[in-house]
Amino acid sequence: MNNIEITSSKVRKIFDSRGNEAIEATVYIGSIEGTCSAPAGASTGETEVIAYPDHNINKSVEFYNKNVRNAIIGFNAMAQKNFDTLLHEIDGTDNFSAMGGNLATALSIANAKAVSKYLNMPLYRYVGGLNPEIPRPIGNIIGGGKHAKNGTTIQEFLVSSQGKTFFESVYSNIMVHRRVGEKLSEKLKGQSVGLGDEKAWSADVSDEEAINILKDAASEISRENNIKILLGVDFASDSFYENGKYVYKKGDNSRDEQIDFAISMNREYGFYFIEDPLYDRDFEGFAEITKKIGNKALIVGDDLYTTNPERIKKGIELKSTNAVLIKVNQIGTLSDTVNSVKLATKNKMETVVSHRSGETTDDFIAHLATAFNSRLIKTGTIGGERLAKLNEVIRIEEDLVQ
Ligand code: PGA
Ligand code: ZN
């Protein structure tokens, strides 16, 4: 392994798509630099690492100045695993609660970006080796939950167009987003239709109405453009699970009713992608759903796993899901993320690399989704910070086809 030394680094505060402060890090190898900013969740999983110590971004910056800046000078940037281990050691806790998982994420990815630049190799190739694959986009179209006040109880209704190229798929997802907007304005005549954190439509409609509008719009666009469009849903159930019940506007679902509802999403409504249909401790309930419809649909764990290998291991043992959502800042470093991806892939679980509701224009997830051969990349459908990722996959696809 070559030895290329980190010569210096910088950390700064910038702003994310919600207008909140976010951490950005730059790692230097001489005059070559890698920069990364970390996103922020709203429906954060209970077992993910701590984004900032005491929810205070300034404490992360102070921690960096005091404990990280000098400690990484001279470190071999090529040894990503050792670099990430060093971050863990400097932090000294098991959940990055001293430095903040977002600082760790930004430094870890910034280091990988610097090395990939040094090697004159795109990040997707540096991380993923010889067989990168272009994912398909799955985009958020109608939303609520913790991402939009007065929206649906279910957090996200999504589509994934299956075009011949990534560009075509993104275009078709955007067309569905546009058509859903028209349908919502027609339906709600004069009442406001807004956009949530991920630029999905947010309106005062029931979950059932949202399902039907999404289905209708997707089948219209599918017919008009002769393209297959898969439907998806992210329940983000933790956000409406209270005292053993799933609390919807029209009434509560018991655990068994919620399991039936998730199954009906596939059987009655044809949904292909079903994320977090139950709260994050019901591994057995997930397994019941996967047993019934896992051969026809992706059952995805986000809050269930929080990109954590221990939890993914449990899901594999109990056959809880057939897919895992991957978010680097849920676990804090690139190497930990790669471990989770390897574990999932080895056990025939699909991976879906995902944005977070509060995003920057950083496009590293485009590279990771390609590097990990993920079936899907989950982002919004429109909005600059979402399109930063999708447009980067378009560029990567161009690179790969040549
Ligand atoms: P986030 O959640 O708000 O934590 O980013 C998005 C999701 O649940 O997929
Ligand atoms: Zn989710």
### Where ASN140 falls short, out of the listed (1) without any contact (Cβ under 8 Å) to a residue 60 or more places away in the chain; (2) crowded, with 24+ Cβ neighbours inside 10 Å
(1)
### Query
Is there a residue in the range 307-324 that is within 16 Å of ligand 2 (Cβ to nearest atom), closer than 30 Å to LYS13 by Cβ and of a type outside the set (Lys, Arg)?
yes
### Message
List the residue pairs whose Cβ atoms are under 9 Å apart, where the first residue sits in the range 39-66 and is more than 25 Å from LYS10 (Cβ to Cβ), the second is surrounded by fewer than 18 Cβ atoms within 10 Å (Cβ to Cβ), and the two are 6 or more positions apart or on different chains.
### Response
ALA42/ARG18; GLU46/ARG281; THR47/ASN95; THR47/GLU310; GLU48/ASN95
### Scope the range 338-350; condition away from ligand 2 (no atom under 16 Å from the Cβ), crowded, with 24+ Cβ neighbours inside 10 Å and among the polar types (S, T, N, Q); matching residues
none
#### Entry: Restricting the range 370-393 to residues that are of a type in the set (Gly, Ala, Ser) and closer than 22 Å to ASP302 by Cα, the residue that is surrounded by the fewest Cβ atoms within 10 Å (Cβ to Cβ)
ALA371
#### Entry: Candidate set from the range 185-202 (those that are closer than 18 Å to GLU385 by Cα and of a type in the set (A, V, I, L, M)); member that is surrounded by the most Cβ atoms within 10 Å (Cβ to Cβ)
ALA200
#### Entry: Failed item in (1) within 18 Å of GLU156 (Cβ to Cβ); (2) more than 16 Å from ligand 1 (Cβ to nearest atom), with ASP260 passing the rest
(1)
### Task
Go through the residues of the range 307-319 one by one and say whether even a single one is assigned to a loop (DSSP other than H, G, I, E, B), within 15 Å of ligand 1 (Cβ to nearest atom), of a type outside the set (A, V, I, L, M) and surrounded by fewer than 24 Cβ atoms within 10 Å (Cβ to Cβ).
yes
### Message
Six or more apart or on different chains, Cβ atoms under 7 Å: show the pairs whose first residue is in the range 116-135 and in a helix (DSSP H, G or I) and whose second is surrounded by fewer than 16 Cβ atoms within 10 Å (Cβ to Cβ).
### Response
TYR126/LEU119
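Any idea how many residues of the range 260-299 are among the aromatic types (Phe, Trp, Tyr) and more than 14 Å from PHE235 (Cβ to Cβ)?
2
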### Task
Answer with yes or no whether ASN212 is on the phi > 0 side of the Ramachandran plot and away from ligand 1 (no atom under 16 Å from the Cβ).
no
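Here is a yes/no grid of residues against (1) of a type outside the set (Ser, Thr, Tyr); (2) within 20 Å of GLY358 (Cα to Cα); (3) surrounded by fewer than 24 Cβ atoms within 10 Å (Cβ to Cβ); (4) within 16 Å of ligand 1 (Cβ to nearest atom):
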| residue | (1), (2), (3), (4) |
| --- | --- |
| THR35 | no, yes, yes, no |
| ALA38 | yes, yes, no, yes |
| GLY41 | yes, yes, yes, yes |
| PRO53 | yes, yes, yes, no |
| VAL68 | yes, no, yes, no |
| THR85 | no, no, yes, no |
### Task
Answer yes or no as to whether SER192 is of a type in the set (Gly, Ala, Ser) and either more than 16 Å from ligand 2 (Cβ to nearest atom) or more than 22 Å from the chain's Cα centre (by Cα) (or both).
yes
### Message
Can you say whether GLU89 is under 21 Å from the mean Cα position of the chain (by Cα) and either in a helix (DSSP H, G or I) or closer than 19 Å to VAL338 by Cβ (or both), as far as the supplied structure shows?
### Response
no
### Query
Given the range 334-402, what helices (runs of 4 or more DSSP H) lie entirely inside it while holding 1 or more residues that are within 16 Å of ligand 1 (Cβ to nearest atom) and aromatic (Phe, Trp, Tyr)?
364-371
### Query
Being closer than 20 Å to SER17 by Cβ, surrounded by 17 or more Cβ atoms within 10 Å (Cβ to Cβ) and charged (D, E, K, R), is that true of even one residue in the range 230-238?
yes
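Read-outs throughout are calculated quantities, based only on the coordinates presented, and are distinct from any laboratory measurement. Source: prediction; values computed, not measured. Note that each Cβ is placed from the backbone with ideal geometry, even for glycine, and that neighbours are counted across all protein chains shown.
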